[in-house]
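Working notes, beginning with the structure itself.
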Amino acid sequence: MAKPIEVTDANFDQEVTQSSIPVLVDFWAIWCGPCRMIAPIVEELAQEYEGKLKVAKLDVDHNPNVAIRYGIRSIPTLLIFKNGQVMDQIIGAVPKNYLEERVKRVLED
């Protein structure tokens, strides 16, 4: 059963920008209430799209360099990468169907 992987400043490029499949990255922090609200949705997507989508979580408090690089100003922010490029950005706690719709759009391109 797939679970989101933890990515860091050190392994971000290897796990995300160099991934052979699209990657959903959840930028979050432990103190963020809305981040905790969407965490179960992010976990469900990791399971449901196993093999088609890599799902990763990046703690912005412990890994500020990647957050700065992508201009993350509020959390939760979710970025969807494909071929090393940001294809979509979702900010805030959103319903699962909305997030899934955005993921499917990137997977179908």
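The values are calculated or read from the model by the stated rules, or taken from the named source; none is laboratory data. Note that the coordinates shown come from a computational prediction; the quantities given were computed from them, not determined experimentally. Note that we place each Cβ from the backbone using ideal geometry, even for glycine, and neighbour counts take in every protein chain shown.
When Glu108 is evaluated against the numbered criteria (1) exposed (fewer than 14 other Cβ atoms within 10 Å of the Cβ); (2) modelled with pLDDT of 95 or more, which criterion, by number, is the only one it fails?
(2)
Tyr49 versus (1) touching a Leu at 6+ places or on another chain (Cβ under 7 Å); (2) closer than 18 Å to Val106 by Cα; (3) not polar (S, T, N, Q): which is the lone unmet condition?
Failing condition for Tyr49: (1).
Can you name the residue in segment 55-109 that is within 22 Å of Thr8 (Cβ to Cβ) and of a type in the set (Asp, Glu) and is also nearest to the chain's Cα centre (by Cα) among such residues?
Once the filter is applied, the top-ranked residue is Asp59.
I'd like the full set of residues that are in contact (Cβ under 8 Å) with a residue 40 or more places away in the chain and in contact with a helix residue (DSSP H, G or I) (Cβ under 8 Å, 6 or more places away or on another chain), limited to segment 49-71.
Within segment 49-71, Tyr49, Lys52, Leu53, Lys54, Val55, Ala56, Lys57, Leu58, Asn63, Val66 qualify.
Confirm whether Gly51 is small (Gly, Ala, Ser) and within 13 Å of Pro76 (Cβ to Cβ). Please lay out each step first, then the result.
Numbers: small (Gly, Ala, Ser): yes; within 13 Å of Pro76 (Cβ to Cβ): no.
The answer is no for Gly51.
Restricted to segment 51-84, and to residues that are small (Gly, Ala, Ser), over 19 Å from Tyr98 (Cβ atoms) and out of contact with any Ser or Thr (no Cβ under 8 Å at 6 or more places or on another chain), which residue is surrounded by the most Cβ atoms within 10 Å (Cβ to Cβ)?
By that ranking, first place goes to Ala56.
Restricting to segment 19-50, name every residue that is surrounded by fewer than 15 Cβ atoms within 10 Å (Cβ to Cβ) and within 14 Å of Ile5 (Cβ to Cβ).
The answer is Ile21, Gln47, Glu50.
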